[in-house]
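The values are calculated or read from the model by the stated rules, or taken from the named source; none is laboratory data. This structure is a prediction, so every number in the text was calculated from the model and none was measured. We place every Cβ from the backbone using ideal geometry, glycine too, and count neighbours over all the protein chains shown.
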Amino acid sequence: MTQIQKTISPFAWLLLLALSLIWGGSFLSVHVALEEIGPLTAVAHRTGWAMVILWAYILIWRLPIPRDPRIWFAFLVMGLLNNVVPFSLMAWAQLHIETGLTAILNATTAIFGVIFAAIFFVDEKLSWRKAIGVSFGFAGVATAIGLSYLASFDLRSIAQLAVIAGTMSYALAGVWARKTLGGLRPQVAAAGMVTGASLVAIPMAWVVEGPISLDLRPSTWAAIAYYAIVATAVAYLLYYKVLALAGSGNLMLVTLTVAPVAIVLGAVTLGEALPLNAYIGFGLLAVGLLILNGRFGSRPK
């Protein structure tokens, strides 16, 4: 069955662009924070402050809070899959690879999302169009990483594989959310998720990297404020707004527009220069995502 592509209104495009700019800047802000704090501590700050902001939002708007222990267990698992695991892997990876390359590889989330949905849900079968899109996506990933780096298996290649593992965790989180968190208000689900993540991230950072210090440089606090409050708490609220206006298929376009923002910011502020294969890989990945989105290879409705 051919999927009907939902039209994007000018306002939805504006919100889509805003979300792309916000998430594109998150890679740079994490890089800045990592100059003073460790990757796990960076994640603890991210989930902890986002949790405070989101629960404040829920209390102000008096949204109903779930009481079922099973839902709170689902929040804990969701926090692990969608926050602790990918945030930690990608923060560590940014110690060894460019922010722009991290953002490019992050775009594979949509590719794995399609694969895992086909595995776990009977109504998400892998059609020919999806299979072609996934194939382009994997070709893009292989090109961006570079077969020579995989053969050498050094810190750089391990860091790139860590980002890929993080995107797989994101995709599994999507499956888990659909199975366990249906019917909840998205703001409550987001708050519960970062709460579950904080219950793991804060003690884990404390044990592995030492007590979490609040005596940080102003630049570090600015970076934390950006990626925790703007790029996590506010971005989650904006994400669900765009989802309602444009649909999940069009929201996939965010993964295409985030990477160029991160690449430009990394080049301008950090002097990063990505190898040619990274850009070619991103081009192939972009084609794959557009095919999955239904903009290539499907008849207009």
Item to complete: For the range 223-241, state whether one or more residues are touching a residue at least 12 places away in the same chain (Cβ under 8 Å), surrounded by fewer than 21 Cβ atoms within 10 Å (Cβ to Cβ) and of a type in the set (S, T, N, Q).
Response: no
Practice prompt. Mind listing whichever residues of the range 74-112 are part of a helix (DSSP H, G or I) and among the β-branched types (V, I, T)?
Written response: V77, V84, V85, T99, T102, I104, T109, I111
Item to complete: Considering each of A118, A139, A110 in turn, give the residue that is over 19 Å from L253 (Cα atoms), under 21 Å from the mean Cα position of the chain (by Cα) and not aromatic (F, W, Y).
Response: A118
Worksheet item: All but one of (1) at pLDDT 95 or above; (2) within 30 Å of L276 (Cβ to Cβ) hold for S20; which doesn't?
Response: (1)
Item to complete: Give E124, E35 a once-over and let me know the one that is of a type outside the set (G, A, S) and either crowded, with 24+ Cβ neighbours inside 10 Å or touching a residue at least 60 places away in the same chain (Cβ under 8 Å) (or both).
Response: E35
Response to the item:
R178 meets each of (1) part of a loop (DSSP other than H, G, I, E, B); (2) among the charged types (D, E, K, R); (3) in contact (Cβ under 8 Å) with a residue 12 or more places away in the chain with one exception, condition (1)
Worksheet entry | Subset of the range 163-200 (residues that are of a type outside the set (A, V, I, L, M, F, W, C), more than 17 Å from T47 (Cβ to Cβ) and under 15 Å from the mean Cα position of the chain (by Cα)) | T167, G174
Discussion item. If the requirement is being out of contact with any helix residue (DSSP H, G or I) (no Cβ under 7 Å at 6 or more places or on another chain), within 25 Å of I291 (Cβ to Cβ) and β-branched (V, I, T), which of these qualifies: I119, I104, I111?
Written reply: I119
Worksheet item: Given the conditions (1) within 27 Å of E124 (Cα to Cα); (2) free of Cβ contacts under 8 Å to residues at least 60 places away in the same chain; (3) not aromatic (F, W, Y), which single one is not true for N250?
Response: (2)
Discussion item. Taking the condition of being small (G, A, S) and more than 13 Å from I224 (Cβ to Cβ), how many residues in the range 39-64 meet it?
Written reply: 1
Practice prompt. Could you figure out which of (1) more than 18 Å from A286 (Cα to Cα); (2) free of Cβ contacts under 8 Å to residues at least 24 places away in the same chain isn't true of A131?
Written response: (1)
